[in-house]
Structures are given as C-alpha cells and as structure tokens.
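Worksheet: the structure to be examined is printed underneath.
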Amino acid sequence: MKIAIFASGNGSNYEAIAKACKEERIKAEVALLICDKKNAYVLERAKKYQTKTYVFTLKDYKDKEEYEKTIIKVLKENKIDLICLAGYMKICGSTLLEAYPNKIINIHPALLPAFKGAHAILDSYNYGVKVFGVTIHYVSAEIDGGKIIAQGVIDYKEGDSIEVVEEKIHQLEHILYVDTINKLILKGV
Ligand code: GRF
C-alpha cells in the first residue's frame, strides 16, 4: 500500500506517519509528499525519511483544475492508494476529489462538526469548551464536513494554557492519525 501525504507547513503529522511506516507500525509506505509551499519545514523532515517530494504552487497554474491535474498525474505514476492531508492549507477541488473518491482523509484539531476552519484550537479555547479533541475524516466538497472516521479527546485540566492544550492536541494527533491510517490500510483502504 502506498500513501501520499499532502502538507503545507510544519509537518509533525507527516513525520509521525513516516516514522510509523518505517517502523512497520503502519503496513504501508509513504511514497510521496506533496507540498504547496517551497519553504515549508515539512520539506526538511522529508529529507530525513527520504520521501519523494514534489512542490506544486497553485499560482504557477492557470487554475486549480490544472494544478490538481498535475498532482493527479504524479499520484497515478506512483500508484498511490491513500491520500492523507496533514496540515494541507488548500481546499481540495472536484478534480482531485473525483479522481480519488473515499481515498482522501484529513486530520482536524477539534471535535467536528464543532470548530471547523483553520483556527480550530484557538476558536475552541476562546469559546471555553471543556472537552478538546481531534477528528479524522474523509475529505468531501464541504470543508471539514466529510464522514467522520475517528475521534479522540485530550486530558484537559481546568486552567491549562492554550500552549498546553495545543501540545496535548498535537500529541494526540500523532497517535490517532497513525492508528487510523493503519486500520484503514489493514482493511485494504
Ligand atoms: C494539525 O493541527 C492538523 O490537525 C491541522 O493542521 C495541523 C498540521 O500540523 N489540519 P503539522 O504540520 O502536521 O505539524
């Protein structure tokens, strides 16, 4: 089984997945990293795991369809079975969604359907929720709206700072994403 990871930034989830594959805790290979930011730190992490990497910048293409067609060509060439978004800050368009139905999953740092969007941790913290968590879901045309695959909650203590909550959420993400991907792979995706 071959996984492609899409990421735009730090890449801690990429690294958790790549490490788990290397250690055979996930019975698959991270065959590709697709990144849309040429200075993203995830690119440094990818060197360590020698993951084949492509950087595609949307503004270099006529439109999102052309951009996604280019990505699909690389995905097909590399016989990718599963696409894992991990901090990929682009909305998947219909071109990509139709090419890989039910094969694209995402991790979101809140308990969906609450706190959709790019600032989920800050939004939930500012709202004052007492239960924080992480969601893994299929990617659909509705942002953060696809079918939920798995959720987990952190051990929140009253008075935890946002930094502490963030750290706990990221630790949980790395465990839950690896576990969920492994289960999907074992099922044949
Ligand atoms: C994670 O919090 C993930 O839930 C969200 O983007 C963040 C990516 O973090 N979608 P990293 O780049 O994997 O460290």
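Brief remarks follow.
- Taken together, the residues in segment 127-155 that are among the aromatic types (Phe, Trp, Tyr) and within 16 Å of the ligand (Cβ to nearest atom) amount to 2.
Residue by residue, here is whether (1) open to solvent by 70 Å² or more (accessible area, probe 1.4 Å); (2) at negative phi; (3) out of contact with any Gly (no Cβ under 7 Å at 6 or more places or on another chain) holds:
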residue	(1), (2), (3)
Lys130	yes, yes, yes
Gln151	yes, yes, no
Glu158	yes, yes, yes
Ser161	no, yes, yes
Ile175	yes, yes, yes
Ile185	no, yes, yes
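- Where strands (runs of 3 or more DSSP E) fall entirely within segment 45-161, those with at least 2 residues that are touching a residue at least 24 places away in the same chain (Cβ under 8 Å) and closer than 21 Å to Ala4 by Cβ are at 82-85, 104-108, 133-138, 148-153.
- Scanning segment 86-99 for residues that are among the acidic types (Asp, Glu), away from the ligand (no atom under 16 Å from the Cβ), farther than 25 Å from Ile26 by Cα and surrounded by fewer than 16 Cβ atoms within 10 Å (Cβ to Cβ) turns up at least one hit.
The values are calculated or read from the model by the stated rules, or taken from the named source; none is laboratory data. Note that this is a predicted model, so its numbers are computed, not measured. Please note: Cβ atoms are built from the backbone with ideal geometry, for glycine as well, and neighbour counts cover all protein chains shown. SASA here: full protein model, heavy atoms, side chains in, ligands and nucleic acids out. Shrake-Rupley method; radii C 1.70, N 1.55, O 1.52, S 1.80 Å.
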